[in-house]
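Participant: Take a look at this one; I'll ask things after.
The values are calculated or read from the model by the stated rules, or taken from the named source; none is laboratory data. Small disclaimer: the values here were computed from a predicted structure and weren't measured. Note that we place each Cβ from the backbone using ideal geometry, even for glycine, and neighbour counts take in every protein chain shown. Calculation scope for accessible area: heavy atoms of the full protein, side chains included, ligands and nucleic acids excluded. Shrake-Rupley method; radii C 1.70, N 1.55, O 1.52, S 1.80 Å.
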Amino acid sequence: MEQPIGSPTGGERSEKKRVRILVSGGGTGGHIFPALSIADELKSRLGAEILFVGAEDRMEMTRVPEAGYKIIGLPVAGFDRKNIFKNFRVIGKLISSLGKAKKIVKEFKPDIVVGVGGYASGPVLKAAQRAGIPTLIQEQNSYAGVTNKLLAKGADKICVAYDGMEKFFPGEKIIKTGNPIRKRLLSENLSRKDALASFGLSADRKTLLAVGGSLGALTINESMAEGLKKLVGHGIQVIWQTGKNFGTRGNEAAKGLKGVVVTPFITDMASAYRGADLVISRAGAASISELQALGKPAILVPSPNVAEDHQTHNALALSNIGAAVLVKDNEAREKLVDEALRLLEQPEKLKEMSSKIGAMGITDSAQRIGDEVCKLIKK
């Protein structure tokens, strides 16, 4: 006979019931990494039993087990805005996912469900809300996603990273907590000299860090490839994460150039950030939260291929107050490298940007969200 999800065996029973927490959502690193930070905080604080629910065939199905947590996949998928006929299949998957989510909630019996956005978040939070289980939403972006907006009415608490989210959610439920970031990025003992030395670079030269995620950002990559000689010619060092989809094109562009590090993936982002005078990045919630927490001046190139164009909204929240510079994706090939050089030649401007973006940073987000979860459990 199959053992129900999370049901205790005789040897696991104890007088004091162990807190059970269901974490749902994913799809991108911007959803997954905050979710894992929240889970780590709650496991450390409460000794909680934590179960993740994600979308089948999405990156959470590998990243979450790698972090030591159990995850169950739902067949849920996003709606196709370009081909409406494909959505009949999507609706079928949604109905199936709602049924499976209801079964998971019934068997696991969570004390609270935390939703971080993404396809799987919807069915699970809806099932929990119908069952009368407390739910908490964590919205990473400055422009709320459709799933979170639909779930907000039934949620008990909504944790956000930006001001002005009352236009999406009931104001009395909102608390500003920021987005959790990777703890290892906050090392205070790392010097700029040592950070750059780990890349074989000098602390005496200005350094530009260009990143576009684990897959890479084609616009940023092509802009960097085209302008690399120009940057080096102005005495700029470059750390460039191309992502795995750019192949050998980055190395070919850097051939014969000194002071350039090209890699598909940077394992030591703490050193990369610490050594950088300026960062070029997409405007995903996770990336922006890291830049804020570390006070790093940045040029943001929002991806045009995301729901509700939320990266542009994220970037505008910073650029409108002078905390970052926004370069549109369709203008990056012409403007990006020149804009980087302009800023790198203005140390006072970089200092001002650093101060403004740093003032937006919240470094204890996971603890703040943990506080709200504990309050709801106690209720």
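Participant: For the chain, what does the accessible surface come to per residue with a 1.4 Å probe? Please give it in Å².
Facilitator: Values: 18260 Å² over 379 residues.
I get 48 Å² per residue for the chain.
Participant: In straight Cα distance, which aspartates and glutamates are under 13 Å from K17, not counting same-chain residues fewer than 8 positions off?
Facilitator: The qualifying aspartates and glutamates are E49, D111.
Participant: OK, next. Would you work out which of G117, A286, G47 lies farthest towards the positive end of the dipole of the chain, given +1 charges on the beta-carbon of Lys and Arg and -1 on that of Asp and Glu, about the Cα centre?
Facilitator: Farthest towards the positive end: G47.
Participant: Continuing with this model, one more query. Relative to the first principal axis of the alpha-carbon coordinates of the chain, what is the inclination of helix 310-319, with its axis defined by its Cα atoms, in degrees from 0 to 90 and to the nearest 10?
Facilitator: On a 0 to 90 degree scale, this one is about 50.
Participant: Placing unit charges on C-beta atoms (Lys and Arg positive, Asp and Glu negative, everything else neutral), compute the dipole magnitude of the range 251-379 about its Cα centre in debye, rounded to 20. Numbers along the way, then the final one.
Facilitator: Numbers: 16 positive and 17 negative charges, 67 e Å.
Magnitude of the dipole: close to 320 debye.
Participant: Let me ask something else about it. I'd like to know which of L336, A35, I239 lies farthest towards the positive end of the charge dipole of the chain, counting +1 on Cβ of Lys and Arg and -1 on Cβ of Asp and Glu.
Facilitator: My answer, from the dipole projection, is A35.
Participant: Measure off, as a whole percent, the carbon and sulfur share of the 1.4 Å-probe accessible area of the chain, all protein chains present.
Facilitator: The value for the chain is 51 percent carbon and sulfur by accessible area.
Participant: Of the listed pairs K70/K193; K103/K149; K100/K244; K100/K157; K70/K356; K102/K153, which have alpha-carbon separations greater than 30 Å here?
Facilitator: Pairs exceeding the cut-off: K70/K193; K100/K244; K70/K356.
Participant: Show T62, T242 ordered by accessible area, largest first, where the area counts protein heavy atoms only and the probe is 1.4 Å.
Facilitator: Correct descending sequence by accessible area is T62, T242.
Participant: Let me ask another. Need the C-alpha centroid separation for the range 195-259 versus the range 134-164, integer Å.
Facilitator: Their Cα centres are 36 Å away from one another.
Participant: Right, another one. Using percent of Cα pairs over 38 Å apart as the read-out, say which of (1) 18; (2) 23; (3) 67 was calculated from these coordinates.
Facilitator: Only one listed value fits the structure, namely (2).
Participant: Hey, which of these cross-link pairs are over 25 Å Cα-Cα: K93/K126; K183/K229; K43/K176; K126/K379?
Facilitator: K183/K229
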